[in-house]
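The values are calculated or read from the model by the stated rules, or taken from the named source; none is laboratory data. Bear in mind the structure is a predicted one, so any value in this text is a computation, not a measurement. With ideal geometry, Cβ positions are generated from the backbone for all residues, glycine too; neighbour counts draw on all protein chains shown. Surface accessibility is based on the protein's heavy atoms, side chains included, excluding ligands, DNA and RNA. Shrake-Rupley method; radii C 1.70, N 1.55, O 1.52, S 1.80 Å.
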Amino acid sequence: MDIKLYNTLTRTKEVFRPIRPGHAGLYTCGPTVYDYAHIGNLRTYVFEDALRRVLEYNGIAVRHVMNITDVGHLESDADSGEDKMEKGARRTGKTAWQIAAEYTAAFRDDLGSLNILEPAVWCKATEHIREQVETIRLIEQNGYTYRTSDGIYFDTKKLPGYGALAGLANIEGIQAGSRVEMGEKRSATDFALWKFSPQGSQRQMEWDSPWGKGFPGWHIECSAMSAKYLGTLFDIHCGGEDHIAVHHTNEIAQTEAAYGTRLANYWLHGFFLQLGEEKMAKSSGEFLRLRLLADKGYDPLAYRYFCLGGHYRTQLRFSWESLTAAQRALENLRAEVGRLVLAAGGGGEPDGPAAAAGRSKFLDSVNDDLNMPQALAVLWDLLKDNGTSAVTRLALVREFDTVLGLKLLDLPSGDEVPPAIAALLEQRKQARAAKQWTESDRLRDEIAAQGFVVEDTPRGQTVRRKKFGE
């Protein structure tokens, strides 16, 4: 079954044709580690994880590379302002190297909490200075650079087709200064490949180069590191929608100038998470971390469920009400799966026709440009389909969860209780038989304090885990 993906470069949904059959090279832009990732950032990584899982579910071996930007990302995309790492170091009272290590570790913890698969390769900008210098040398040798007092710049006017990814058809029509601080730039769209260290001062992060002591521009790291680990032309490049106009456009320009390729065949971009009427951003000083959601009692996988509930190419509006709804939906989903586990008696092999039909519906959804909302609907329909055997349904749930990543079979079901709770239930059963109502109520409250709800029915007492907010 074909996988169809929306390619930002062509503005169309295309059938995915890997360069090497059965394999895919995937590069995803990682964080700039000057601060914690916020949940808007993490939405992009959930989408990219879903992409990787869908490719693998279709039998494609994925080589996933993610960069860590720990130098060179200035406050403005216009190559002006302070390096975000230097600014973050001053804010925290630590060195740039220390905060890079701290925020990288926190980011990886967030990925783990969201059950996001780790890439095959993590590559830090500071550990690939030589590769970046060599890529700049190739661009320079091919005649696409010029020197100013503060760095080596890419001359975008010399590259036919510059800006195709962003739809910048009329480069000449961009007014100088309207989008960037021009300085000594020849064109508003020109960008830095190498920035010189300011005279009379020393940066925490700086290196010698053929052009002078300094540090790489933000964009060059991705061109250099993707070429090293995936080749100068690979299959898929991903990032947030904010990367289209500048960062990814400039990556393509660098690779075309250095190697004569367009870097990647497919470009996929996740849309913003909205908080009120605005996108969530660190620049506001107010952003939500995944840790805050967990501190408020939300399961991090409820946030994953929330993200999967919106298509990656649509803006998703965050509210505590919508997150609460996602938490409760996930709890209900786990309860349904728990009941299915009991009914299936531990599982087994699915039967042919029913399994094939369920799998086909799921593939139709995920292979249609990662339609995860529809995939969740297919899962819910499957759980309610009493005409299909429990064994088959459970086997399909296990399959589907390799794509959804919700750990539906890794967690205890709502029907399972710890031994300590089972012992209290037995004591309460005996108290009720002896008509010791006060003791029965006390035991019920003790059980409730440990996260379980006891309900009395004509067939006796039952117990389940508390739902969120209960």
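Checking Arg20 against (1) touching a residue at least 60 places away in the same chain (Cβ under 8 Å); (2) out of contact with any strand residue (DSSP E or B) (no Cβ under 7 Å at 6 or more places or on another chain): exactly one of these is not met. Which one?
Of the numbered conditions (1) touching a residue at least 60 places away in the same chain (Cβ under 8 Å); (2) out of contact with any strand residue (DSSP E or B) (no Cβ under 7 Å at 6 or more places or on another chain), the odd one out for Arg20 is (1).
Quick check: anything in segment 36-49 aromatic (Phe, Trp, Tyr), surrounded by fewer than 23 Cβ atoms within 10 Å (Cβ to Cβ) and more than 18 Å from the chain's Cα centre (by Cα)?
Checking segment 36-49: not a single residue is aromatic (Phe, Trp, Tyr), surrounded by fewer than 23 Cβ atoms within 10 Å (Cβ to Cβ) and more than 18 Å from the chain's Cα centre (by Cα).
Starting from residues that are open to solvent by 50 Å² or more (accessible area, probe 1.4 Å) and among the acidic types (Asp, Glu), keep the ones in segment 315-348 and report whichever is nearest to His38 (Cα to Cα).
The selected residue is Glu321.
For Arg53, indicate whether it is assigned to a helix (DSSP H, G or I) and either open to solvent by 50 Å² or more (accessible area, probe 1.4 Å) or of a type in the set (Lys, Arg) (or both).
Against the criterion (assigned to a helix (DSSP H, G or I) and either open to solvent by 50 Å² or more (accessible area, probe 1.4 Å) or of a type in the set (Lys, Arg) (or both)), Arg53 qualifies.
Please count how many residues of segment 304-323 are of a type in the set (Ser, Thr, Tyr), outside any loop (DSSP other than H, G, I, E, B) and closer than 26 Å to Thr8 by Cα.
1
Answer yes if at least one residue in segment 164-180 is at pLDDT 90 or above and either open to solvent by 60 Å² or more (accessible area, probe 1.4 Å) or not aromatic (Phe, Trp, Tyr) (or both), and no otherwise.
yes
Select, from Tyr34, Tyr45, the only residue that is within 26 Å of Thr249 (Cα to Cα) and in contact with a His (Cβ under 8 Å, 6 or more places away or on another chain).
Tyr34
Pairs, please: C-beta under 9 Å, at least 6 apart or cross-chain, first residue touching a residue at least 24 places away in the same chain (Cβ under 8 Å) and β-branched (Val, Ile, Thr) and in segment 259-277, second part of a loop (DSSP other than H, G, I, E, B) and open to solvent by 30 Å² or more (accessible area, probe 1.4 Å)?
Thr261/Thr232
Restricting to segment 399-430, and then to whatever is modelled with pLDDT of 80 or more and polar (S, T, N, Q), can you tell me which residue is surrounded by the fewest Cβ atoms within 10 Å (Cβ to Cβ)?
Going through the qualifying residues, I end up with Thr402.
Specify the residue that is farthest from Arg313 (Cα to Cα); the eligible residues are those in segment 334-366 that are at pLDDT 95 or above and in contact with a helix residue (DSSP H, G or I) (Cβ under 7 Å, 6 or more places away or on another chain).
My answer is Lys361.
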